[in-house]
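J.: Quick one: structure below, then a few questions.
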4 protein chains.
Amino acid sequence: MDQPKLRVGILGATGAVGQKFVELLADHPWFEISVLAASDRSAGKPYREAAHWIGTRPIPPQVADQEVVPISTELDCDFVFSGLSASVAGEIEHQLAEAGYPVISNARNHRMREDVPLLIPEINPDHTALIERQPWRARGGFIVTNPNCSTVGLVCALYPLVKTFGVTQVHVTTLQALSGAGYPGVPSLDATANVIPFIGGEEEKMATEPRKILGKLVDGRVEPAAIQISAQCNRVPVLEGHLECISVKLARAASVEEVRAALQTFRSPIADLQLPTAPDPLLQVFDEPHFPQPRRHAELGRGMTVSIGRIRPCEVFDVKFVALVHNTIRGAAGGAVLNAELLVRQGYLKPRRSLIVAEA
Amino acid sequence: MDQPKLRVGILGATGAVGQKFVELLADHPWFEISVLAASDRSAGKPYREAAHWIGTRPIPPQVADQEVVPISTELDCDFVFSGLSASVAGEIEHQLAEAGYPVISNARNHRMREDVPLLIPEINPDHTALIERQPWRARGGFIVTNPNCSTVGLVCALYPLVKTFGVTQVHVTTLQALSGAGYPGVPSLDATANVIPFIGGEEEKMATEPRKILGKLVDGRVEPAAIQISAQCNRVPVLEGHLECISVKLARAASVEEVRAALQTFRSPIADLQLPTAPDPLLQVFDEPHFPQPRRHAELGRGMTVSIGRIRPCEVFDVKFVALVHNTIRGAAGGAVLNAELLVRQGYLKPRRSLIVAEA
Amino acid sequence: MDQPKLRVGILGATGAVGQKFVELLADHPWFEISVLAASDRSAGKPYREAAHWIGTRPIPPQVADQEVVPISTELDCDFVFSGLSASVAGEIEHQLAEAGYPVISNARNHRMREDVPLLIPEINPDHTALIERQPWRARGGFIVTNPNCSTVGLVCALYPLVKTFGVTQVHVTTLQALSGAGYPGVPSLDATANVIPFIGGEEEKMATEPRKILGKLVDGRVEPAAIQISAQCNRVPVLEGHLECISVKLARAASVEEVRAALQTFRSPIADLQLPTAPDPLLQVFDEPHFPQPRRHAELGRGMTVSIGRIRPCEVFDVKFVALVHNTIRGAAGGAVLNAELLVRQGYLKPRRSLIVAEA
Amino acid sequence: MDQPKLRVGILGATGAVGQKFVELLADHPWFEISVLAASDRSAGKPYREAAHWIGTRPIPPQVADQEVVPISTELDCDFVFSGLSASVAGEIEHQLAEAGYPVISNARNHRMREDVPLLIPEINPDHTALIERQPWRARGGFIVTNPNCSTVGLVCALYPLVKTFGVTQVHVTTLQALSGAGYPGVPSLDATANVIPFIGGEEEKMATEPRKILGKLVDGRVEPAAIQISAQCNRVPVLEGHLECISVKLARAASVEEVRAALQTFRSPIADLQLPTAPDPLLQVFDEPHFPQPRRHAELGRGMTVSIGRIRPCEVFDVKFVALVHNTIRGAAGGAVLNAELLVRQGYLKPRRSLIVAEA
C-alpha cells in the first residue's frame, strides 16, 4: 500500500475493547487513529485521563494526549471501529451507517441481521457481498460485524472439518478468560480460585452465530449451515484466552489422522491477500497432550492464531479436541481489524474524502 | 451403635488423601484411628513430623504425636483405609486382603476387577455382594473401592435420570481442582491464571467406571450399563471441587421440568441406615444461574453433597446441566468412609479380634 | 446468661460486612437478629433477594426470608451493629445514638473522636469509660468502634511487647486480602496474579489508630501512646486474612527468646469474662518458618485468633515477625461482636425496653 | 560490533534460569548459543526433549533440535553463562574457571568471594577490576556474578539515594513472584490464594549483598558500604516481578521532592557504552498511586527497567517507596547477559580461540 493511511475512529475508545483497538492500531501499516470517541463523561479529556488503562503495555504515546470527542455523526475519519457495549451499540452504529460511515463493529447487536456480514476473513470472505443489500450503502455507510469471541475459536476449528468431511453435531464446553467480561467486569471475590458456570447470552450466540458464518451465500442471502451446536460456557480465573472442549459428529466417517491432517494442512483462502494482521497459519496444532494452555499460547501469532490440541476419538461422536482463542484479540478487536483489512483489499474501505468530493 | 468403635488403619497416612482420612476420622462416631501406616521414609516418626500437613485445619491433636508405622500385614486394627498412590496400592492392598484385612480403598488399581465392588452407597449398595466371590473372603479379608473423584460427581448426577428415564449417551467436560493431583501436585507456574487441558487417565476412568457402578448385579456378576460416555478433563486453578458440564441423551423423552423433578426429589435408598457421613439430600439443586461454584458450594453437606445447577434443554441431546463434587471428600476419603459405614451396617466390617478369637 | 437474648439490628445488612454480621450472629448465644436495615433500594425485599450473598455457607435460614427495612431511628431492637460504608455511616450512626441506640460500629467515621472508644476487648477494655462522656449517653445512646482490620492485627501483636518491654518505633508492611475491599471490590483483572501496592487511607489509619488503642485513660481521656508507626499497605490475591510483616524497636533491650515468651504466654485480661466470641489464646505463635499463611490459618479460633510467626532478630530494629489477622472476622464483624459482648458484661448493653419502660 | 558473534555456552540450559538465557540469547546481536550443557540425564537429547519448556513464547527454532551436551571442561564456546542451581554451581563453575573459561554466573555460590565481582553494570562497573586478582585469570578463566533477584531491585532503587544523600538504614519487605522458585518450584496448593511468609536464605542475601555492590574499590578490594538492611521476604501468587516496599533513612536530610528528583534524573554511568540489553532509563518513576504492579510493569524495558512508585515521607525513617524488578530477567538471566556485555566492552570477553592460538 503506497497510499496514505486510512483515518479511523474508535467508538467506545475508553472501554476494554476500545483500549485493545488503540493498542492494535498504534503501529498499523494501513490505518491511523484519528478519532477517539466515547461517552459524554469522557469527552473533552485527554485519552490518558479518560481511559482507566488496563493494558500491560503503556498507552501508545501518540494517543495519550489526544482529546476524546463525543460520539456523533460528524467524526473526522474514513471509517469507524465500534467497541461499544451492546446497550448502546445498536442505535449508534445504525446512525453512523446512515450518516455514511463504514462501521466495523465488535458489538453483537447487528450480527444476526440478514444483510450484515458476520465475518471471519479466512472463512467467509465472500459474505461481504451482503453489504450491497444494506440500505445505507448508497450514502457510503455500511456495517460489518465480527462474531462473539467464543464463536470465533469454535468456527475456526470447525471450518476445515466442515469443508473436508461435513459436520452435523457439536458439543462444546468453554473455559473463558476474565477479560471477556470487560472492566471492572468479574469481581475478584467471585473469580479467585473459583469457576462461574454461567455467562449471560454466550451459549445462545455459540449455538446460532456459527450457522450464519458457515452458511452459504445463495442469491445474495446466507443459507445457514445445518449444524446442531450445544454450548456450555464457564468463566475461569484466566486473564486472556478462551479454551474450548469440542466434540464433533462428522457427516462422513474419518479417522483421527484424517481429522488432524485436515486441521494441520488448512491454508487460509485469503493468504494471497497478505493482510497485515492475518496469522500464518491460522491454526496451530499441538501434539503435546497438555497443550494448548491459555497462559502459554493465547498470544501465538500475535493473538490471531487459533491453537488446537488433544485431537482424539470421541466415544460418543467422532472426534474431540480442544481449541484456544485469544478472546480480546482474535475474538474481538483483532478480528475487527482483520475484517477492515479484508474490506480494504475488497475495495469497500477507502478514503472518505474522495467519496465526499465525488458526491459534491 | 453402642458398640466400641472399630479400630482403623490408614495406609499412606502422610499423603494428601491420607491426611483427608485423618481429618474425617478424627471425630468419627463409629471409627477410631489406631494405625497410621506409611512408607519406610516416614515410619518411626511422630505423625506431625512425618506428614507435610496441607490442611487448613490443624492436625487433630489425638494423632499429632502418634508414631507412623511401616506398612505390613501385621497392623493392629480392624480394617484399613487405603490412601496409597496407584504405583504401590495394587500389590499392598492385595497382600493385606490376603492377610485377612478388609481394605476400603481409594486407589484405582482394583476398581475394575470383576469381584471388587466399585461402590457408591446411595447408588449400588447391593454390589457389596461381590465381596463373597473374592478369594480372600474366607480369611476375613476383602477389597472394596470407591470411584475416581470425577466419576462420583457424574454418576450421582446421572443416577436419578438413569432410574427414571434411562440414559444412553453422555458428553461431560470437567473443570477439576488442583487438590485432585495431590501434593506437591501441579506446579504453581503451570496452575496460576491458566488451564491445563489434560489429566492423565482421567477420561478413560470416566468412560468406564460409571458403566460398572450403574450396572446390574445378575447371578453374582455386574452387567455394565449400556451408556456411552465421552469425557474431556481439564485442570483449573481451583482448590477444592470438580465442576462438570454434562449433556445427556435420555432413553425416553422427558421435559426439563421432569428432569429437574427427578433430580430434586431423589431420595437415597440407604437413607434409613442413617450412616453418619451420608448427606441428606444427596443432591442439592440450584436455581440461581451462576451456581453451583466450587469455592462456594464444594463444602455443602460437609463435602458429601453433589450440587446440581443450570438444568436446561440441550440443543443436541436432551438436557444439559452442571454438577459439582468435592473431590477430596465425596470423591475420595469421604466416599471411602461412607463405604465403610455401609459395610458396617451390612455386617461386613466388625471387630477383627472377635474374628481372630473365633478362628482360634 | 439465663436472660433472654438481646435483640440486635444490623445497619447495612446487605453489604459485605453486614453479611458477615448475619453469619456470626445466626447462632449467637446472647444476641438474636431482629432488624435487617439497609438502603431504600433494598428495603421491603426479603433478605435473600436484597443481599447478593457472597458467603461460602448458605444464608442462615432464619433470616433468609426476613424483610429488609429502611434505616431509621425507629428500629425494633436493643442495639445496632453498623456495617455501613464510611460515606454514610457518620451521619446515620450519629442520629441513632442521639435517638437512644447503642451503636457498635465497624465504620471508621467516629473512631478517632475523643469520646468514642476504639475498642479491642483484650487490650483496652477500660476505654469503654469514654462512653460516659458522650453527649447521647443520657438518652441511652452511645457509639463504640472497632479499629481498621490491619490495625487490629498489628495492635494485638504489639500489645504484649508494649506491656513487657515498651515499643518506640514500628515498620509494618501489609499483604491484604481482597475481601477487605468489600463487594464487588477489586476487579479480577487487577487482582489476578498481581499485587496492588496501594490501599486508600489504610496507611494513615495504621499510623494513628494504634496510638489511641494503646493509649492510657487519664482523667477520662485517652493519652495516645508515644509510638512511631510507618505502614506500607498492599493488596494481594488472597481471599481472607491480612498478613503483616512487622519490625519493632523496643524501649528496653530484650532477646528474641524473651519476645517470643512475651507473645506466647500472653493471657487476655478479660479471659475470666468468658465472652462467647473471645478466642483462647488470643495469639497463636508458630515455630514453622513458613507459617502462618492466610489460606491455612486465617480461620484459627473461628477467625478471632491472631497468628504470629517467624520471630527473629531485626538487623535494624530489635525484632521482626509476621502477624496474620482474619480481616472480616477479627478485623471487622467479629471484632464488633466481641465489643458488644464486653459491653454486655460491663452493663452497657441491656434490653432497651426496660430502659424505655423505666423512662416512662 | 562488526566482529563475529561470541560463542556462548549455557550451563544448566534445561532449568528455569537456563531457559531464560536461551530466550534472551536467541536473537542477541553480540552472542550466539553454541553449547547447551546440562546434567547427564539431559545430555544427548535434543533440547526440545530435554527441557520441559515453561516459557510463554515457543522454544527458539535455532536451538530446538540442538543436542544437549554434558557439562565438562571441554565446551566449544568462548565463555559460559551459568544457570546452575546452587547445589552444584560452586564446584562446576570453579572447574570451568580453572580450565580457562570466563563464567558469567547467576548462582549464589561465589557472589561473596572477595575476588569475585558482584556486578550491576549501572552501579559498580569498576568492580570488574577484581577479576585481575582471581587465581584463574592467567589461564583466561574468571568468574563474575550477578546479585540475587530481590537484591537487584533494592540496590538499583537505593543507588541514586546513596550517591546523592547517603543511606544508613533500610527496611524492606518483598512480595516475590513464583518464578523465583524455579520449576516445579512452589506447589500450586501452597501458592493459590495464599502468601508464604518465608523464602529460604533470601533475607540474608538482601542484608549482605547490597553492601558489597555499593561498596568502594580501594586498593583492589571492596570496602562494603556501611548500610544496615533488614529484609522480610514473602512469596505471593504472582508469575513474574518482585515488588519491594522500602523505607530508607538518609545520611543527610532531604525532602520527598529531592528524593524523587534523584530517582527520576538518575542516568546510568554506562549509558555511553550502548550495551544492547541496558534499559534506558534504568529507573521508571510512577506518579499513579496504585503503580507499579508486577503483572502490568515487570516487562518494562524488556524486563530490564526497575520501576519505582509511591515515593512519600516515612513516619519513622525519611522516605518510603515501592520498587518492582523482573526477577527472572533483570534479576537473573538478563542481569547476567548485561554483565557479559559490559565485560565485552571492557575487553574481558573475547574469542577464546585467539587466546588458545596465542598460547600455542
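J.: Using only the alpha-carbon atoms of the stretch D:1-107 as identical scatterers, what base-10 log of I(q)/I(0) does the Debye formula give at q = 0.12, 0.14 Å⁻¹?
T.: With one equal scatterer per Cα and no solvent, log10 I(q)/I(0) is -0.35, -0.48.
J.: Would you pull out the residues with amide H under 5 Å of A:Ile199's amide H, same chain only if 5 or more places away, H placed 1.01 Å from N?
T.: Close amide H contacts, sequence-distant or interchain: A:Cys233.
J.: Moving to a separate point now. Over the stretch A:219-311, with a single point scatterer placed on each C-alpha, what log10 of the ratio I(q)/I(0) does the Debye formula yield at q = 0.12, 0.18, 0.26 1/Å?
T.: Once normalised to I(0) and log-transformed, intensities are -0.52, -1.11, -1.33.
J.: Assigning unit charges at the beta carbon (Lys, Arg +1; Asp, Glu -1) and nothing else, what dipole magnitude in debye, to the nearest 20, does the protein assembly as shown show about its Cα centre?
T.: Dipole magnitude for the protein assembly as shown comes out near 0 debye.
J.: I'd like the orientation of helix D:86-98 relative to chain D: the angle between its Cα long axis and the longest Cα principal axis, in ° from 0 to 90, rounded to 10.
T.: Roughly 60 degrees between the two axes.
J.: Still on this structure, please answer the following. Compute, for chain B, the length of the dipole vector about the Cα centre, with Cβ point charges of +1 (Lys, Arg) and -1 (Asp, Glu) only. Units Debye, rounded to 20.
T.: It comes to approximately 380 debye.
J.: Something else: Just read off the accessible area of B:Ile270 with the full protein assembly in place, 1.4 Å probe, to the nearest 10 Å².
T.: 10 Å²
J.: Report the one residue of B:Ala177, B:Gly215, B:Cys149 whose Cα lies farthest in the direction of the positive end of the charge dipole of the stretch B:149-327 (charges on C-beta: Lys and Arg +1, Asp and Glu -1; origin at the Cα centre).
T.: The residue sitting most towards the positive pole is B:Gly215.
J.: What number, rounded to the nearest 500 deg cm²/dmol, is the helix-based mean residue ellipticity at 222 nm of chain C, given -39500 (n - 2.57) per DSSP H run of at least four residues and division by all its residues?
T.: Mean residue ellipticity at 222 nm (helix-derived): -7500 deg cm²/dmol.
J.: Name the long-range amide H neighbours of C:Gln228: under 5 Å, sequence gap of 5 or more, or other chain; modelled H, no Pro or chain starts.
T.: Residues meeting the criterion, in which the H sits 1.01 Å from N, are C:Gln169, C:Val170.
J.: Also, I was wondering about something else. Taking a quarter of the surface of the Cα convex hull of the stretch A:154-302, what do you get in nm²? Don't skip to the end; give the middle numbers.
T.: On the way: hull surface 42.9 nm².
Mean orientational projected area (the stretch A:154-302, Cα hull): 10.7 nm².
J.: What translational diffusion coefficient, to the nearest whole µm²/s, does the stretch C:263-350 have by Stokes-Einstein, given a Kirkwood radius computed over alpha-carbon pairs, a temperature of 20 °C and 1.002 mPa s viscosity? Don't skip to the answer; put the middle values down first.
T.: Working: Rh = 14.1 Å.
Estimated diffusion coefficient is 152 µm²/s.
J.: With the contact rule set at Cα under 8 Å and sequence spacing of 6 or more, what percent relative contact order holds for chain A?
T.: Here the relative contact order equals 17 percent.
J.: Between the helical axis of C:334-345 and the dominant principal axis of chain C, each derived from Cα atoms, what acute angle in degrees is found, rounded to the nearest 10?
T.: The answer is roughly 70 degrees.
J.: Once amide H atoms are placed 1.01 Å from N in the peptide plane, what residues at a sequence separation of 5 or more from D:Val116, or on another chain, have their amide H within under 5 Å of its amide H?
T.: Distant-sequence amide H within range of D:Val116: zero hits.
J.: Further, regarding this structure: Going highest first, how would you order B:227-234, B:172-179 by mean Cβ packing within 10 Å?
T.: Output ranking for B:227-234, B:172-179: B:172-179, B:227-234.
J.: What is the mean number of Cβ atoms from other protein chains located within 10 Å of the Cβ atom of each residue in peptide D:256-267, rounded to a whole number?
T.: For peptide D:256-267, the averaged partner shielding equals 0.
J.: Taking chain B as a Gaussian network, where each spring joins two C-alpha atoms under 10 Å apart, which residue of B:Pro61, B:Pro135, B:Pro46 fluctuates the most?
T.: So, out of B:Pro61, B:Pro135, B:Pro46, the one fluctuating most is B:Pro61.
J.: Could you give me the radius of gyration and the Dmax of chain B, taking only the C-alpha atoms into account and expressing both in angstrom?
T.: Just the Cα atoms of chain B yield Rg and Dmax of 19.8, 65 Å.
J.: Summing Lys, Arg as +1 and Asp, Glu as -1, what charge do residues with Cβ under 12 Å from the Cβ of A:Glu288 carry, A:Glu288 excluded? Could you put the intermediate results ahead of the total?
T.: Details: positive: A:Arg296, A:Arg310, D:Arg48; negative: A:Asp287, D:Glu49.
Local net charge: +1.
J.: Spelling out what I want: for every residue of the stretch B:322-328, take phi, set θ = phi - 60°, compute 6.51 cos²θ - 1.76 cosθ + 1.60 (Karplus), and round to whole Hz; glycine and proline get x.
T.: In residue order, the calculated couplings are 10, 10, 10, 10, 6, 6, 8 Hz.
J.: Let me ask you something else. Could you give the longest part of chain A that holds none of the GluC sites (Glu not before Pro) found in DSSP loops with at most 13 neighbouring Cβ atoms within 10 Å?
T.: A:115-360
J.: In the stretch B:192-239, which residues give up 40 Å² or more of accessible area once the other protein chains are added, compared with their chain alone (1.4 Å probe)?
T.: For the stretch B:192-239, once contacts with the other chains are taken into account, B:Thr192, B:Ala193, B:Asn194, B:Val195, B:Pro197, B:Phe198, B:Glu203, B:Ser230, B:Gln232, B:Pro237, B:Leu239 lose 40 Å² or more.
J.: Identify the trypsin sites (Lys or Arg not before Pro) of the stretch B:246-294 meeting these criteria: DSSP loop state and at most 15 other C-beta atoms within 10 Å of the C-beta. Each step should come with its number before you reach the end.
T.: Values: sites: B:Lys249, B:Arg252, B:Arg260, B:Arg267; in loops: B:Arg252, B:Arg267.
Passing sites in the stretch B:246-294 are B:Arg252, B:Arg267.
J.: Where in the stretch A:35-61 is the amide nitrogen less than 16 Å from a point lying 7 Å along the Cα-to-Cβ axis of A:Ser72?
T.: Output list for this probe position: A:35-45.
J.: Something else: Order these peptides, C:328-338, A:180-190, by their mean beta-carbon neighbour count within 10 angstrom, highest first. Walk me through the intermediate numbers first.
T.: Values: C:328-338: 27.1, A:180-190: 21.6.
Averaged packing, sorted descending, gives the order C:328-338, A:180-190.
J.: Carbon and sulfur together cover what percent of the accessible area of the stretch C:144-299 at a 1.4 Å probe radius?
T.: C and S fraction of accessible area: 50 percent.
J.: In peptide D:37-46, what is the residue-averaged number of other protein chain Cβ atoms found within 10 Å of each Cβ?
T.: Working: counts 0, 0, 0, 0, 0, 0, 0, 0, 0, 0.
Counting Cβ atoms of other protein chains within 10 Å of each residue's Cβ and averaging gives 0.
J.: Once both labels are modelled 7 Å past Cα along the beta-carbon direction, what's the C:Gln95-A:Leu273 spacing in nm?
T.: If labels sit at C:Gln95 and A:Leu273, their model points lie 6.3 nm apart.
J.: If you don't mind, there's one more thing I want to ask. So what is the relative contact order of the stretch A:107-179, in percent, for Cα pairs below 8 Å that sit 6 or more residues apart?
T.: 29 percent
J.: Rounded to the nearest 5, what % of DSSP beta bridges with both residues in the protein assembly as shown are antiparallel?
T.: Around 45 percent of the beta bridges assigned by DSSP in the protein assembly as shown are antiparallel ones.
J.: Also, quick follow-up: Going by average Cβ density within 10 Å per residue, which order do the peptides C:290-296, B:277-283 take, highest to lowest?
T.: By packing density, highest mean first, the sequence is C:290-296, B:277-283.
J.: Whole-Hz Karplus ³J(HN,Hα) for the stretch A:36-53, in order, using 6.51 cos²θ - 1.76 cosθ + 1.60 and θ = phi - 60°, x for Gly and Pro?
T.: Coupling constants for the stretch A:36-53: 10, 10, 8, 5, 4, 4, 8, 4, x, 8, x, 3, 4, 8, 6, 8, 7, 5 Hz.
J.: Taking the Cβ of C:Pro184 as the centre, find all other residues whose Cβ is under 13 Å away and add up their charges (Lys, Arg: +1; Asp, Glu: -1).
T.: -2
J.: Mean separation of Cα pairs under 8 Å and 6+ residues apart, divided by the residue count of the stretch A:149-327: what relative contact order is that in percent?
T.: 29 percent
J.: Considering only protein heavy atoms, what per residue accessible area in square angstrom results for the stretch B:149-327 with a 1.4 angstrom probe?
T.: Roughly 32 Å² per residue, with all protein chains present.
J.: Of D:Lys20/D:Lys216; C:Lys249/D:Lys205; D:Lys5/D:Lys45, which sit over 29 Å apart, Cα to Cα? Numbers along the way, then the final one.
T.: Details: D:Lys20/D:Lys216 31 Å; C:Lys249/D:Lys205 22 Å; D:Lys5/D:Lys45 26 Å.
Check vs 29 Å cut-off fails for D:Lys20/D:Lys216.
J.: Turning to a different aspect of this structure: Work out the mean other chain Cβ neighbour count within 10 Å for the residues of C:311-324 and drop it here as an integer.
T.: Working: counts 0, 3, 1, 5, 12, 14, 5, 0, 0, 6, 2, 6, 1, 2.
Average per residue, whole number: 4.
The values are calculated or read from the model by the stated rules, or taken from the named source; none is laboratory data. Remember, predicted model here, so these are calculated numbers, not experimental data. Cβ sites come from the backbone with ideal geometry, for glycine too, and all protein chains shown count toward neighbours. Heads up: the accessible areas ignore ligands, DNA and RNA and are worked out on the full protein's heavy atoms, side chains in. Shrake-Rupley method; radii C 1.70, N 1.55, O 1.52, S 1.80 Å.
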